[in-house]
Amino acid sequence: MNYRPNVLVLIHIMLVLLVCNCAAFPDPVTSKERKFQPINREKVRLLFTGFYRYEKEKNTIHNTLIKRGLLEDPSSQLELELILQKKEPVYQYLFLHRVNILLTFFTGGFVPSHIRTEQTLTFRYSKLGVIERESVYEIGMDQWRGIPVIIFMITQWPNRIYKEQLIDATELEMKDI
């Protein structure tokens with residue numbers, strides 16, 4: 001009965017290949033901006049909301065803000081709140097998306113599956129509780145999982161792409177100040 005262990009090993013190998021092989025292709029970072037008043041370069045109090053699972057990304061954004069000339073002061077009256085929110089992706093053809101995931105599973109990863117990831121990064125400036133300016137940046141990427149994406153995964157790793165998009169949004173915001 002040497003048949004069962006070989007099948008189990010094959011299933012495990014296929015699952016590892018399916019989970020570990022992932023490549024992401026980013027959308028350009030876009031902005032929706034509502035300006036109430038221009039913000040001058042002055043000391044701000046930073047507040048990060050929605051980053052409880054993204055500590056590395058929070059630190060990356062913080063370092064980018066400091067490098068771009070933001071002055072941080074915990075006792076400042078001007079507050080900069082950075083809000084990270086996940087959006088539910090909208091698939092144009094939801095039925096085909098579900099069939100694609102099943103097909104990927106049943107072929108052991110030979111047919112790549114597609115997953116859409118969308119988030120927003122909001123920069124909200126307020127002084128004494130009154131919002132003076134708010135900028136919303138939309139971040140999105142298409143992720144592909146499966147054996148054929150091994151070629152792309154070295155240069156298009158999702159974590160690296162996501163980090164680059166957050167830096168791009170932060171630099172776009174700091175350009176306006």
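The values are calculated or read from the model by the stated rules, or taken from the named source; none is laboratory data. These numbers come from a predicted model, not from an experiment. Cβ coordinates were reconstructed from backbone atoms using ideal geometry, including for glycine residues, and neighbour counts include every protein chain displayed.
Whether any residue in the stretch 96-108 is under 17 Å from E57 (Cα atoms) and at pLDDT 90 or above is what I want to check.
No, the stretch 96-108 has no match at all.
Residue check: is L17 surrounded by 12 or more Cβ atoms within 10 Å (Cβ to Cβ) and modelled with pLDDT under 80?
Considered against the rule, which asks whether it is surrounded by 12 or more Cβ atoms within 10 Å (Cβ to Cβ) and modelled with pLDDT under 80, L17 comes out as yes.
Output yes when any residue across the stretch 113-122 is touching a helix residue (DSSP H, G or I) at 6+ places or on another chain (Cβ under 7 Å) and closer than 21 Å to A23 by Cα, and no when none is.
yes
So E55 fits all but one of (1) farther than 19 Å from L166 by Cα; (2) among the charged types (D, E, K, R); (3) modelled with pLDDT of 90 or more; (4) exposed (fewer than 13 other Cβ atoms within 10 Å of the Cβ); what number is the exception?
Of (1) farther than 19 Å from L166 by Cα; (2) among the charged types (D, E, K, R); (3) modelled with pLDDT of 90 or more; (4) exposed (fewer than 13 other Cβ atoms within 10 Å of the Cβ), only one is false for E55: (1).
Please indicate, with yes or no, whether at least one residue in the stretch 60-70 is touching a Pro at 6+ places or on another chain (Cβ under 6 Å), part of a loop (DSSP other than H, G, I, E, B) and in contact (Cβ under 8 Å) with a residue 24 or more places away in the chain.
No, the stretch 60-70 contains no residue that is touching a Pro at 6+ places or on another chain (Cβ under 6 Å), part of a loop (DSSP other than H, G, I, E, B) and in contact (Cβ under 8 Å) with a residue 24 or more places away in the chain.
Are any residues in the stretch 123-139 under 19 Å from the mean Cα position of the chain (by Cα) and crowded, with 18+ Cβ neighbours inside 10 Å, and if so, which ones?
Once the filter is applied, which keeps residues that are under 19 Å from the mean Cα position of the chain (by Cα) and crowded, with 18+ Cβ neighbours inside 10 Å, the stretch 123-139 yields F123, R124, S135, Y137, I139.
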